[in-house]
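Working notes, structure below.
The values are calculated or read from the model by the stated rules, or taken from the named source; none is laboratory data. Worth saying up front: this structure is predicted, and the values here are computed from it rather than measured. Here Cβ is always computed from backbone atoms with ideal geometry, including for glycine, and neighbour counts include all displayed protein chains. When the accessible area is computed, the model is the full protein with side chains, heavy atoms only, and any ligands, DNA or RNA have been set aside. Shrake-Rupley method; radii C 1.70, N 1.55, O 1.52, S 1.80 Å.
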Amino acid sequence: MDNVSFKDLENKVTTYIHNPDDLKRIYEAYLFADEKHKNQMRKSGDPYITHPLHVAIILAELHVGPDTIIAGLLHDVVEDTNVVLNEIKTKFGDDVAGMVDGVTKLTNMKFTSLEQKQAENHQKMLLAMGKDIRVIVVKLADRLHNIRTIDAQSPEKRERICKETLEIYAPLAHRLGMFKIKAELEDRSLRYTDPVMFKKIEEDISSTNSARLENIDHIIIEIKKYLTDEHVSDFEIKGRVKNIYSIYKKMINQHKEFEDIYDVLAIRIIVDTIDNCYRVLGLIHAKYTPVPKRFKDYIAVPKPNMYQSLHTTVISGDGLTFEVQIRTKEMDEVAELGIAAHWAYKENVTYSKEKEQFEIASKLKWYADLLQFNEEDKDESDPKKFVDSIRKDILTTSVYVYTPTGDVIDLPKGATPLDLAYKIHTELGNTMIGALVNKRIVPLDYELQNGDIVSIRTNKNSQGPTASWLKIAKTTHARHKIKSFLNKQNKDVLIDSGKRQLEEEFQNQRIYSYELKDDFVNENFGKNNIQTVEDLYMEIGKGTLSEKTVVAKYIGVVKRAKEDIIQQSIAKFNRNQKHISETGVVVDGLTNPQIKLAVCCYPIPGDPIVGYITKGSGIVVHHRDCKNLTTLQNERLIDLMWDTVINRKYPVMLKILASNNNQLLAEVMNTFSSFNINVSSLNVKNNLNLETIIKVKIMVSNLAELEKVITNLKKISAINEIRREGL
Ligand code: MN
């Protein structure tokens, strides 16, 4: 029977919270929770209120502020009673409501599996923790009390809760530097997840303990005397308690025997100032032989979870090897309580969630990473993936390495220089060609070790990541960046190949000049979500769209456009018909004139022309030099012009005078045919002077063509003279 009461909480709280208003609010929260959980029982048979009371007590031991204590008291009322969040908001404020919401599980019944449900709840909590770090502190206190009382649960539930604790909550506590809570969560969970090993380690410890304790006691007494003789004041020496789970993990991960790990004795010296830390270190090194390469200065360079201490391993005169940790009181508190020690509640200082978040992010790099992660991947549709990548990249035991400029970078165990490069900057990763670790060239898949000084070698002209890098990178972040580079590169390749295929098809269709525009693509393929020319190339490259289809479509569209142009020009031509007759003669100012070409002078384009307006039968076009013109009335003559573009042949009559010759006619006809001139009538006569007269009507395009033909006819030796008939 658990007899915990509000008095127990009050005793703890009043050691550091004195403001009566705060104390009153805490009491009201207790009354509210007690009322709401009335008649509820825990599996152990205790009244439900004992659980939130214990959670609040754990929180009070961490010296958290009043709002966090209240959130601890109320953390289960939304999940397990009929209270809604708004009620908490009204009664206890936004911060308390936010924390309670952050630790309240989703009630959505649509979960496909228990795993899915767990992942969604973890995601919700991690996101809430990104907004208010106190959410995780409340959750850890909740989990700690549940683990302390887990015996009451069914074996299946026990195993599931312990597994979840080792995977998510203990790593979070570790990352927050809350060593005490972390160690308790781990050791209590291991008891159920691997009972056989747990028992074995527990027994091994107690069986070696007597000898161990004797040795430790002996050394502690020796050092105490030594430091006092050296006038070191105000120090304390403790033997170190080892966490069963951390021994377990070393045995499993490093395949070590219990003796290899536990053989090393460890003591801790706590002093008042940092100066004294180094002074004591010097004294220890003067008295005992230091083991080379085992000295670590976590004061100058704190661990990513803010842990600070000097570590060294020395050998005593009796040949005992033991580790010495030297640190200040404050550092020791941070080492046990982590973030909670650092941000312990201070009265009369206004609390700001945002300010705290900022401070934590600047001290705890991984928290800044988490915030960034939340920002970048909050749309991650699969909560399981989200939680897995946070676990892998952020929560697993980490190595920390140095950049050449001395920055400490924190990476998951097993990380390679690739992971480091991508963590610093995407571009650094994409142009990386190699890495130097401690000034030596290492392969890309080199596994980074704690304390490595890593410099990334880059080349602007590097080909960038390849698919094999995906196997080398350990972090989700680096893999994500490599994948997106490969996708983009792949996209470029597809676009190139699609473009080439399309060009070839155009050539096959004998189209050598074409222009593809986004409009064309959008109109014809938009319904398939292909909107730009680039999309089009890519789909062809992928093979989802045939280049033949595109070219056929293009031809169809262009043909239609051409037909449109022809239709338009026909319409325009028809409008202009009034002015241009089929004779090719333009008549100024007259509508629908009937025009005929005179058959006396046979005018052709290029000839100067004049029109004669007949009575009732339109205009007759004559050559200006027509011999008939003199007989016509001057006032009926009008000026005419040939159109600039004419596409027809005109008859013209030639009279050829030649000497009698057998070959003459053949030669004349050859000349016409060599100029592709059609002859429409031919008349040959011999006169009394033994001259031959040929009258021939031929079809020509214009005066220039006619003159060319005449020039060539004149080369025939028998021909004496050529005249145009009618002039
Ligand atoms: Mn609870």
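General observations
- Beta carbons closer than 6 Å, at least 6 apart along the sequence or on distinct chains, pair a first residue in the stretch 448-471 that is among the small types (Gly, Ala, Ser) with a second that is open to solvent by 90 Å² or more (accessible area, probe 1.4 Å) and in a loop (DSSP other than H, G, I, E, B) for 455/404.
- The requirement of being assigned to a helix (DSSP H, G or I), modelled with pLDDT under 80 and among the hydrophobic types (A, V, I, L, M, F, W, C) is satisfied by residue 558.
- Only a single item in (1) without any contact (Cβ under 8 Å) to a residue 12 or more places away in the chain; (2) within 41 Å of the chain's Cα centre (by Cα) is not met by residue 74, and it is number (1).
- Qualifying residues in the stretch 76-98 (those that are closer than 11 Å to residue 37 by Cβ and crowded, with 22+ Cβ neighbours inside 10 Å) - the one nearest to the ligand (Cβ to nearest atom): 76
- Comparison of 104, 50 shows that the only residue that is out of contact with any helix residue (DSSP H, G or I) (no Cβ under 7 Å at 6 or more places or on another chain) and polar (S, T, N, Q) is 50.
- Members of the stretch 464-484 found to be open to solvent by 50 Å² or more (accessible area, probe 1.4 Å) and not in a helix (DSSP H, G or I), listed by number: 466, 467, 468, 474
- Any hit, the stretch 261-275, residues being outside any loop (DSSP other than H, G, I, E, B) and of a type in the set (Phe, Trp, Tyr): yes
- Residue that is farthest from residue 631 (Cα to Cα), among those in the stretch 699-724 that are touching a Lys or Arg at 6+ places or on another chain (Cβ under 8 Å) and open to solvent by 50 Å² or more (accessible area, probe 1.4 Å): 699
Per-residue answers, yes or no, for (1) under 47 Å from the mean Cα position of the chain (by Cα); (2) within 16 Å of the ligand (Cβ to nearest atom):
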residue: 5; (1), (2): no, no
residue: 15; (1), (2): no, no
residue: 30; (1), (2): no, yes
residue: 38; (1), (2): no, no
residue: 68; (1), (2): yes, yes
